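What follows is a single structure, written as structure tokens, with notes after it.
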Amino acid sequence: MEVRKKARRDWLLLCGLQSCYWITMTLHSSFLVFYLNQCGYETTVIASMTMAMTFVNLVAQPLWGYIADALIGMKRAILCCLLGSLLPLLLLPVLVQYVWLTLLLNLFYGAVNYPLQGLTDSVTNIAAEKNSFVVYGFTRGCGSISSAVGSLLIGYVLDYTDTRYLFLIEAVILGLACVLMGLYGDTAYGLDAEEKKAGGRKATKSAVIGLLKNPAYLGILFCITLMNVGNRTTLFFVPILIEEYGGDNVHLGWCLFLNCLFMMPCMMLHSRMLKRGIKNHVPLLLGASFHVVRAFLMYFAHTLPVLVGLQLMQSFAYGFLQPSTVAAAGEASPLGVRATAISLAVAITTVFSTVIGQIGGSFLAGYIGIHNTFVVSAAITFLGILSYLPFIRHSQKRPCL
């Protein structure tokens, strides 16, 4: 009975962790551009900062995955990242007038906060194998529904106050996440005795090399990267179009609310589908298909109501594609390198889809316009679906979620 109580408590703590992290992640990634623009930063400088943060994440994601796997454990790694995120949040509003200091603070934030996406997915994925209360779809979905409601409410708060208070709100929420992670009983979800006898956790070099030598792993990540291009292009241009159409923080808050509204049900449905024997590639392709349709329909978004309304499709697309990506990475890796595999997958798909969708999209939009760029990104996303079809046979192993 005592073990059951601890297991239930750990599940609730993971739900709280996911909720706190994804509220701040959604807010920061969307409202940072508005704040820097309000402070007089040029668009090119803001774009350079956000892209630099993304590239830092490419190194930081697998590095923190290795630290969690081989050095200090998942719980301590997450706590380090959460505590490290507080410093730039508190200093950024004070030092924003200094461009280089702002850049350094953002790079540091990207190096310690962005890897939490892979780490929180990893700890939830591993806990789901050991704890009967933990269902990945529901637990991760708590983060999505919380970010939906939180984004909408905080969007109104910032509209009536000032955008600079965003960073203080984020710091308070991440402080709560530190408390929740500190209470989490990480010891129940470590390596099994058999795995320890077999060599335990691999060193980062051998783990990464082993993953990068796996053709199926790389091929699947390549396809998923293409599948995310339409999403990244849309996320990049939506704030720009909102401002162009005369919108404000409230409209952006509504977009973020719709983006996340149905993610939790979709993630729960994903887990249910796998339990019923449906292969992981089915929800993965379903989520990618929503990305294609959304990116294509953005071509017709010439008014604020249409623009905002179309963001609802993101909740279906991401709700299926995100847990499917985690499951696909988990299928291709043993428990001893699970955090490294998932973190590396998140880093590769996020960084390169962002480069194609944002840098490539902004360059292309200068020649053919934003709305025509949406059509191109939809075609690239569809190409990702076609490219994935030959890899379906590699997803026959059912993941442990």
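Measure off, as a whole percent, the carbon and sulfur share of the 1.4 Å-probe accessible area of the chain, all protein chains present.
Numbers: 11230 of 16240 Å².
Ligands and nucleic acids excluded, carbon and sulfur give 69 percent.
State the extension gain, in nm to one decimal, for the chain segment bounded by residue 2 and residue 83, taking 0.36 nm per residue of separation less the distance between their alpha-carbons.
Full extension from residue 2 to residue 83 adds 26.1 nm.
Given a cut-off of 20 Å, name the pairs among 213/279; 6/130; 75/130; 6/75 whose C-alpha atoms lie farther apart than that in the structure shown.
213/279, as the Cα separations exceed 20 Å there.
For the chain, build the charge dipole from Cβ charges (+1 Lys, Arg; -1 Asp, Glu) around the Cα centre, then report which of 111, 80, 280 sits farthest towards its positive end.
280
Using the Cα centre of the chain as the reference point, and only Cβ charges (+1 on K/R, -1 on D/E), how large is the resulting charge dipole? Debye, rounded to the nearest 20. Please report the intermediate quantities before stating the final value.
On the way: 26 positive and 17 negative charges, 337 e Å.
Approximately 1620 debye in magnitude.
Please calculate how many Å² of accessible area the chain carries per residue, with a 1.4 Å probe and no DNA, RNA or ligand atoms counted. Write out the running numbers ahead of the final one.
Working: 16240 Å² over 401 residues.
Accessible surface, normalised per residue, equals 40 Å².
Which distance in nm do the two modelled labels at residue 379 and residue 302 give, with both placed 7 Å along the Cα-to-Cβ direction?
2.1 nm
Among (i) 31, 25, 20; (ii) 32, 28, 19; (iii) 39, 24, 18, which is the computed semi-axes √(5λ) of the Cα gyration tensor in Å?
(i)
Would you please report the Å³ per residue occupied by the convex hull of the alpha carbon atoms in the range 42-116?
70 Å³
On a full-extension model of 0.36 nm per residue, what is the gain between residue 359 and residue 52, subtracting their alpha-carbon distance, rounded to one decimal in nm?
109.4 nm
Could you please put 281, 302, 291, 251 in sequence from largest to smallest accessible area, using a 1.4 Å probe?
Working: 281 30, 302 110, 291 0, 251 60 Å².
The most accessible residue leads, giving 302, 251, 281, 291.
The values are calculated or read from the model by the stated rules, or taken from the named source; none is laboratory data. In this text the structure is predicted, and so the values were computed from the model without any measurement. Please note: Cβ atoms are built from the backbone with ideal geometry, for glycine as well, and neighbour counts cover all protein chains shown. With ligands, DNA and RNA removed, areas are computed over all heavy atoms of the protein, side chains included. Shrake-Rupley method; radii C 1.70, N 1.55, O 1.52, S 1.80 Å.
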